[in-house]
Amino acid sequence: MLFADDIVLIDETRDRVNARLEVWRQALESKGFRLSRTKIEYLRCKFSDVLYKADVEVRLATQIIPKRESFKYLRSVIQGSGDIDDDVTHSIGVAWMKWRLASGVLCDKKIPPRLKGKFYRVVVRPALLYRAECWPVKNAHVQKMHITDMRMLRWMCRHTRSDKIRNEIIREKVGVASVVDKLREARLRWFGHVKRRSCEHAVRRCEGLVVEGTRRGRGRAKKYWREVIRQDLAQLHLTEDMTLDRKKWRTRIKVEAKSEGTEAVVNSAWVQIFEDDGRCKFGMEKDDCRSDLIGNS
């Protein structure tokens with residue numbers, strides 16, 4: 001192994017973080033490894049109003065480690081305030097990057113809209129919804145993602161808002177469900193996984209954690225993931241007991257888009273997607289890409 005990346009040390013105080021970091025440094029150096037002095041950084045998450053020593057610096061040997069207000073870890077942007085604004089913005093940016101890579105297919109007027117919708121669901125939308133099942137989303141976040149999604153779909157159909165075509169018509173044309181509904185489906189699917197875990201599992205123990213030293217400030221209380229789940233359950237008239245039956249639960253939360261005639265569309269437009277060497281414009285093999293197009297919903 002030449003290097004190890006994306007490793008995090010977590011503790012409640014800076015003194016204990018320094019102790020952990022020193023133990024880790026000595027253990028690695030005894031095996032011939034080194035910690036990067038230029039890439040290492042730390043983030044303080046303010047989950048409570050408890051005050052800690054302000055004069056204690058996080059150090060690696062004699063070097064002071066720089067403090068960040070947010071940093072990226074495993075494609076997630078973690079903020080010290082606990083908000084998800086930067087994470088939502090980052091996901092939207094990644095989705096647009098995927099869109100530009102796939103624009104040769106998605107903006108080709110020779111390709112049927114239904115086939116474009118299939119490529120959109122395979123390439124772009126997974127990047128937009130990555131990690132979204134754990135977000136305590138606010139209405140502003142949902143609206144931001146909805147605007148991004150519809151802008152891409154209208155661009156695929158060669159329409160603008162000045163054409164005054166309803167969003168439902170655009171989505172039906174390409175066979176793509178609403179991103180708001182897919183967000184809710186992703187949250188409830190993950191909620192089902194959590195509830196079916198044993199009570200001893202780590203993810204279940206996190207449900208019972210209580211943050212000490214919290215104090216209600218001015219304005220609206222911070223929105224939590226559990227509150228979003230309660231709203232989703234009420235909207236679909238579901239109860240937590242239904243999660244125990246996985247098949248029934250997945251059927252109740254599944255969001256389907258109209259996709260009649262997809263097989264015929266794929267077969268009729270197949271030659272337009274592939275280059276002369278038989279490879280997809282995304283670098284996938286023909287059989288693998290075709291199976292993804294037919295099977296992905």
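Computed from the coordinates by the stated procedures, all read-outs in this text should not be read as laboratory data. All figures in this text were calculated on a predicted structure; none of them were measured in a lab. Backbone-built Cβ (ideal geometry, glycine too); neighbour counts: all protein chains shown.
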Subject >> Modelled FRET efficiency - R0 45 Å, Arg196 with Glu172, Cβ distances, 0.05 increments >> reply: 0.85
**OP:** Could you compute the FRET efficiency for Glu41 and Arg131, with r as their C-beta to C-beta distance and R0 at 22 Å, rounded to 0.05?
**Re:** 0.55
Original post:
How much length is gained on full extension from Val203 to Leu244, taking 0.36 nm per residue of separation minus their Cα-Cα distance?
Top reply: 13.1 nm
Original post:
What full-extension length gain, to one decimal in nm, is calculated for Ala27 and Lys138 as 0.36 nm per residue of separation minus the Cα-Cα distance?
Top reply: 35.6 nm
